[in-house]
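What follows is one structure encoded as structure tokens, with my remarks underneath.
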Amino acid sequence: MRHLISPLDFSVEELDTLMDLANDIEKNPEKYAHVCDGRILATLFYEPSTRTRLSFESAMNRLGGKVIGFSSAAASSAAKGESVTDTIRMASCYADICAMRHPKEGAPLVASLHSSIPVINAGDGGHQHPTQTLTDLLTIRSLKGRLGGMTVGLCGDLKFGRTVHSLINALVRYTGIRFVLISPNELRIPSYIRDNVLEAGHIPYTEMENLEDAMPELDILYMTRVQRERFFNEEEYIRMKDCYILDKAKMALGKEDMCVLHPLPRVNEISTEVDDDPRAVYFRQARYGVYIRMALIMTLLEVSPC
Ligand code: NCD
């Protein structure tokens with residue numbers, strides 16, 4: 001039995017197969033409409049979510065399966081003091097596969113060690129968010145036609161943003177990737193990623209504070225929200241929250257074929273005036289999130305169309 005806890009749990013070849021499947025699901029949805037008939041997905045969400053939870057639900061429904069779950073710790077027995085390991089033992093009795101989001105780093109990994117069904121990490125604290133990364137990879141591959149040979153700008157809260165951490169981990173496996181890490185000094189990428197992933201892998205990267213300076217060289221611009229819930233101090237958040245606002249004037253500095261991604265939700269960091277720019281692909285990205293989650297559920301449940 002397989003779980004998805006980190007984006008590195010799948011090899012580059014396995015990811016290609018997964019993305020091929022997602023692209024086929026997009027083209028031929030009717031072929032997959034009943035492959036999960038009679039199967040149940042449990043969504044165990046101890047932290048708020050819109051896209052991740054709903055896209056998992058949509059994915060399972062579109063495969064013919066059913067969904068059970070809770071959407072906050074307060075609505076589960078965690079509020080009574082139940083441990084994650086006991087909750088996953090219960091979920092293993094009620095469902096065939098589960099997606100777990102938790103504010104504590106490592107909680108889905110712990111759950112996977114006590115589970116008799118596949119566990120998907122749907123985001124653990126400031127650590128990793130592998131299914132968002134699969135979504136990001138599918139978006140980039142589908143729209144740019146490749147995953148290597150490009151300059152990727154990551155902008156915003158690189159310290160607490162788990163989507164950024166997972167994406168860097170995944171992209172360094174492709175050749176010719178260069179990163180431009182754009183953040184205020186206080187929100188720089190954690191040293192464990194800088195040292196253990198970028199430096200250790202001899203991956204070219206630059207760190208800068210100014211988004212305008214970075215714009216002209218980027219093939220991908222990945223914007224992120226300042227992660228309010230992970231700040232210790234509200235004043236510090238207020239000081240940081242509007243550190244970057246992507247607007248039309250900044251977009252004018254970018255390449256014609258650049259793609260702007262954002263895992264969403266956005267707060268202020270992309271002005272709504274950018275939404276109509278054909279290079280703004282964040283809503284299409286959310287749609288790719290359903291196809292890749294359908295492909296992932298099928299792969300972990302080992303089902304295929306007959
Ligand atoms: C992200 C997350 O939860 O980390 N959202 C998502 O799943 N699409 C990004 C964020 O909350 O900023």
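The values are calculated or read from the model by the stated rules, or taken from the named source; none is laboratory data. Note that the structure is a prediction, hence the values are computed from the model and not measured. Reconstructed Cβ throughout: ideal geometry from the backbone, glycine too, with neighbour counts over all protein chains shown. Only protein heavy atoms, including side chains, enter the accessible area calculation; ligands, DNA and RNA are left aside. Shrake-Rupley method; radii C 1.70, N 1.55, O 1.52, S 1.80 Å.
A few points about this structure:
- Accessible area expressed per residue, the stretch 88-199, with surrounding protein chains retained (probe 1.4 Å, Å²): 30 Å²
- Relative to the dominant Cα principal axis of the chain, helix 12-27 is inclined by about 80°.
- The charge dipole of the chain, taken about its Cα centre with unit charges on the Cβ atoms of Lys, Arg (+1), Asp and Glu (-1) only, comes to about 660 debye.
- Once the Cα atoms are used to define both axes, helix 84-94 deviates from the longest principal axis of the chain by about 50 degrees.
- The Glu256 and Arg188 beta-carbon pair, evaluated with R₀ = 35 Å, returns a calculated FRET efficiency of approximately 0.70.
- With Cα atoms as the point set, the stretch 131-285 shows a radius of gyration and Dmax of 14.5, 43 Å.
- Accessible area ranking (1.4 Å probe, heavy atoms, ligands and nucleic acids excluded), largest first, for Glu105, Glu14: Glu105, Glu14.
- Separation of the Val267 and Ser72 label points, Cα + 7 Å toward Cβ, nm: 1.9 nm
- Whole-percent carbon and sulfur share, accessible surface of the chain, 1.4 Å: 51 percent
- Helix axis angle, 162-171 relative to the chain longest principal axis, alpha carbon, degrees: 80 degrees
- The mean sequence separation of alpha-carbon pairs under 8 Å and at least six residues apart, normalised by the residue count of the stretch 103-209, gives a relative contact order of 23 percent.
- For the stretch 74-160, a simple Cβ point-charge model (Lys and Arg +1, Asp and Glu -1, everything else neutral) yields a dipole of about 260 debye relative to the Cα centre.
- Ordered from largest to smallest accessible area (heavy atoms of protein chains, 1.4 Å probe), the residues Glu273, Glu302 come out as Glu302, Glu273.
- Under the Karplus curve 6.51 cos²θ - 1.76 cosθ + 1.60, θ = phi - 60°, whole-Hz ³J(HN,Hα) for the stretch 298-304, x wherever Gly or Pro sits: 4, 5, 6, 8, 6, 10, 9
- Cubic angstrom per residue, convex hull over Cα atoms of the stretch 225-306: 128 Å³
- The stretch 239-248 - phi-based ³J(HN,Hα) in whole Hz, Karplus 6.51/-1.76/1.60, Gly and Pro as x: 5, 9, 4, 10, 5, 9, 10, 7, 10, 4
- Thr17 paired with Ala200, simple spin-label distance in nm, labels 7 Å along Cα-to-beta-carbon: 2.7 nm
- Overall dimensions of the stretch 141-213 as given by Cα atoms, namely Rg and Dmax in Å: 11.9, 35
- Shape parameters for the chain, alpha-carbon atoms, Rg then Dmax in Å: 19.0, 57
- Close amide-amide hydrogen proximity is noted between Met150 and Ile177, Arg178, each under 5 Å apart and 5 or more residues distant or on a separate chain (H modeled in the peptide plane; Pro and chain starts excluded).
- Here the stretch 1-44 and the stretch 205-282 have alpha carbon centers that stand 30 Å from each other.
- When Lys144, Lys248 are compared by accessible area of protein heavy atoms, the largest-first order is Lys248, Lys144, using a 1.4 Å probe.
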